[in-house]
């Protein structure tokens, strides 16, 4: 039974890798950068900043992401309305920031990132946070349309969500000079 469980975990990890590989390169880069900032994995300024504009964006993202530890604690055990505001208001704000950066262009990219930043327990709340953030007026109307069309009916109307924790967390990988690695 143990090997079957490990095999299933491996299949799920490969599925997560495949999903990540399907995102545009700018989306992949933004997800890795966001994970470094939100999970405090790397010095994001050193790793990701290519110019002053990106440095300012990273500083702003770090300020917005300061709420993430609280968000992780605020995820309710049930879907009662009394639990809604303490989680959803800041979750919509964080989502609106990320969507405003223009690199997360679909619900699946937001879900992929937030399952890792906040945890699997956030899944039931993501469709509503995404739709609210994607409909905000700070986004260009064409981007709002694209974002709102990216959420599938199944995601928007799911009757239940998996609580399986994500296994694949994309990370920066240094480029290898293949010419230097080959023996003469």
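Rg (Å, one decimal) plus Dmax (Å, integer) for the alpha carbons of the chain?
Here Rg and the maximum Cα pair distance are 17.8, 68 Å.
If the elastic network links every pair of Cα atoms under 10 Å, which of 113, 35, 84 fluctuates the most in the Gaussian network model of the chain?
Maximum fluctuation in the GNM of the chain, among the listed residues, is at 84.
Quickly work out the residue 168-to-residue 145 label distance, labels modelled 7 Å from Cα along the C-beta direction, and quote it in nm with one decimal.
My value for the distance between the label points is 3.2 nm.
Given an 8 Å cut-off on Cα distances and at least 6 residues of separation, report the relative contact order of the chain as a percent.
24
Each value in this text was obtained by applying a stated rule to the coordinates, not by laboratory testing. Worth saying up front: this structure is predicted, and the values here are computed from it rather than measured. Note that we place each Cβ from the backbone using ideal geometry, even for glycine, and neighbour counts take in every protein chain shown.
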